Every structure is written in structure tokens, then in C-alpha cells.
Amino acid sequence: MESSAAMRKPQDQAFAPQSPPTPPGLVRRMAAGLYDLIMFLAICMVATLLLVALDSGKDLQAFYTHHPIVKLVYQAGLLLLGYAFFGGFWIHGGQTIGMRAWGLRVARMDGGRLDWRRALIRYLCMLIPWMLLLLGAELLAAGGYAGDRAYIASSGVVLVLSAVGFLWPAFDPQRLAWHDRLSSTRLARLGKCRA
């Protein structure tokens, strides 16, 4: 007679416990991220079209000037949309569309599936290099426009930090990104990719 533990299926396991997962290389990780970025930007475009419809096709900056709360709600909505997109895929199967195409899966360090809390930590930490990239670009634009060398120098530092965030898995001994380490998750290759 089998024990009840042996009869249960490992529903909480994303990786087979008998084999250690193989971490993906930087190119595969970034290619999957590019697929997901394209998909997510398309979703953001649809959300933005809804806002443009409210504005009747006028200048959005002027609209935001008169409706600052709408801008804040819109930006918060895009962040929540990103969390729903990435978090939903991560907790339901461990794979986004890009991860599926490139044969990757995300799981907790112990091999278990992510929950919404861990997906939120992973998502927020994943945004760090992207926010640094946007901040660096904004500082560079402001410095170039104003001719201020301090802005330009600051943008260089911030852009280097952003690059470090994106390239970190190439130099990490376990090939983990910042968001992997901070959320106690990992990516693993599943075998041949479909791309």
C-alpha cells in the first residue's frame, strides 16, 4: 500500500525535483524578455487608446495639465496592468509568452510555483533597471536641452546602473537577475525552444 504522500501529485512543483534546473544564458533570457515587452507594449497601446478617446484626439500633455489625477491613475493603471500580465503568467504555469517561445520557466528557489505575493516582489524588482533606464534618458534629455553637464554626468551614472541591472545574469555565478535574487525565484531552461 502506497503512502498518501507518494500518491499526491506535486501540484506545487514547477520543476522536476530529481533534476537540478539549468539556468538560461543572457541572450535567451533577453530574447524572451523582448517577446514579452512587445506583447505588453501592444496591451499598453490599447489602454492608451482608451485615454486618447477621452481627450477627443487633442494634445495629451495639455490634457494632463488640466487633469493631473487622470495622468496618475493612468500611470498606476499601467503598472497594475503589467503586474496582472506578468504575475498572471508566472503563477499560472510559470511561463510568459516569451518564456514559452524560448523554453524557460520561472519558479521559487525550491522549485515550487509562484504565488501572487512573490510575483509582486519579482515584478517590482524587475522594474528597477527599466526605471533607471527611463530616469537616465530623462536626465540626459534635460541636460542636453539645458546644456547642464551635471545632468548629463548624472544620466551617465544612472544609465550604467541600468545596464548593470540588465547584464547582471551574465556575471552572476548562478545566472540570476536582480529580481530573481530579491524575490527568491529562478529561471530555468526546459529544453529546446520553439523560437
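Looking at Arg105, Arg113, Arg118, just one residue is under 30 Å from Gly191 (Cβ atoms), more than 16 Å from the chain's Cα centre (by Cα) and among the charged types (D, E, K, R), and that residue is Arg113. Does the stretch 133-154 contain any residue that is of a type outside the set (A, V, I, L, M), more than 18 Å from Ala32 (Cα to Cα) and at pLDDT 95 or above? No.
Could you say whether any residue in the stretch 129-152 is touching a residue at least 40 places away in the same chain (Cβ under 8 Å) and either more than 16 Å from the chain's Cα centre (by Cα) or not in a loop (DSSP other than H, G, I, E, B) (or both)? Taking every residue of the stretch 129-152 in turn, at least one turns out to be touching a residue at least 40 places away in the same chain (Cβ under 8 Å) and either more than 16 Å from the chain's Cα centre (by Cα) or not in a loop (DSSP other than H, G, I, E, B) (or both). Of the residues making up the stretch 64-101, those that are at pLDDT 95 or above and among the β-branched types (Val, Ile, Thr) are Ile91, Thr96, Ile97. Has the stretch 70-78 got at least one residue that is within 12 Å of the chain's Cα centre (by Cα) and closer than 25 Å to Met30 by Cβ? The answer is no; no qualifying residue exists.
Rundown of residues vs (1) basic (Lys, Arg); (2) part of a loop (DSSP other than H, G, I, E, B); (3) at pLDDT below 75; (4) at positive phi, yes/no style:
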site: Ala6; (1), (2), (3), (4): no, no, yes, no
site: Pro10; (1), (2), (3), (4): no, yes, yes, no
site: Ser19; (1), (2), (3), (4): no, yes, yes, no
site: Pro24; (1), (2), (3), (4): no, yes, no, no
site: Ile43; (1), (2), (3), (4): no, no, no, no
site: Val46; (1), (2), (3), (4): no, no, no, no
site: Leu50; (1), (2), (3), (4): no, no, no, no
site: Lys58; (1), (2), (3), (4): yes, yes, yes, no
site: Ala62; (1), (2), (3), (4): no, no, yes, no
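Among the residues of the stretch 83-97, at least one is part of a loop (DSSP other than H, G, I, E, B), within 24 Å of Pro20 (Cα to Cα) and among the hydroxyl-bearing types (Ser, Thr, Tyr). Determine, yes or no, whether Val164 is crowded, with 16+ Cβ neighbours inside 10 Å, of a type in the set (Val, Ile, Thr), modelled with pLDDT of 90 or more and within 19 Å of the chain's Cα centre (by Cα). Criteria not met by Val164.
The values are calculated or read from the model by the stated rules, or taken from the named source; none is laboratory data. These numbers were taken from a predicted model, which means no experiment stands behind them. Please note: Cβ atoms are built from the backbone with ideal geometry, for glycine as well, and neighbour counts cover all protein chains shown.
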